[in-house]
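What follows is calculated from the coordinates using simple rules that are stated; it is not laboratory data. What you see is a predicted model, and the numbers here were worked out from it, not measured in a lab. Positions of Cβ are backbone-derived with ideal geometry, glycine not excepted, and every protein chain shown enters the neighbour counts.
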Amino acid sequence: MSASFSLDKNKVKQSFSAASATYDSAAALQRRVGNELLNTLNPTDLAGTVLDLGCGTGFLTGELLRIAPHPSLQHIIALDIAWPMLHTTRNKLINNPNIGYLCADAELLPIAGKSVDLVFSSLALQWCRNLEAVFADIQRILKFGKQLVFSTFGPQTLKELKGAWAEVDDYRHVNEFYSDEQLKLFLQQAGFKNILIKSEIYISNYYSVWELMKELKQLGAHNSLNGRNKKITTRTHMQRMIEAYEKHRSGELIPATFEVIMVTANI
């Protein structure tokens, strides 16, 4: 079983860089999931050095700092692949000297081995191409007995949009996501244990497909797959997709499914 999706990492970086100014206004689900992931933490685990992997605009970085028992938390590393996102985080948290900022790819962590006490990541790892490599590298930097806590999207995410596009053509218009079974296997292969996984379905509602697609663009979460249609999508194709999606409408609203998988694991 491969842990690799054919993501275009340059496209991922460009999308999130472009979304840095609009992300916070559109990130209601991301904040909700992030807060629920924070609630799974024992504050006593927020000690030593904590890595916020895929920090985005820094909302959860600030929350980690807020709930950590002082002075146990010595250092937070805020890491993101997109410099504009990291710049936004730094501007928000500029008065906190124990936060370091690192612009890097989660698939190639420039962090010393056995130097991190907790890796925290909310809705970021789905943008990695090779989770076997990611988990192996996280295992490398974590101190023995310490914890990885993360959330990611599952395969039912945006199933309505995926199904609507499938009625139009054979291109992949929606990003793919790993299942909880696949995630558990990848973690086990990387040497993690005490793996706890919970999957939950969230439904967001929109007045139109255009509103959904605008939000995905504001979040930087639109299609970053290799193998997508590189031609300009015609108005006819778009209208056919929208008509197919409209079958899901209930009253004034259309639904969009987001499957969120939350995971804790130790080394």
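Sorting H248, H70 by the number of Cβ atoms found within 10 Å of their own Cβ, with the fewest placed first, yields H70, H248. Placing pseudo-labels 7 Å out from each Cα toward the beta carbon at K214 and L253 gives an inter-label distance of 1.7 nm.
Taking the Cβ-Cβ separation of D169 and N205 as r and a Förster radius of 22 Å, what is the calculated FRET efficiency to the nearest 0.05? FRET efficiency, D169 to N205: 0.25. Sorted ascending by nearby beta carbons within 10 Å, beginning with the fewest, T236, T40 become T236, T40.
Of C128, C55, the sequence from fewest to most neighbouring Cβ atoms within 10 angstrom is C128, C55. Summarising the amide proton neighbourhood of L73: residues at separation of 5 or more, or on other chains, whose placed amide H is nearer than 5 Å comprise G48.
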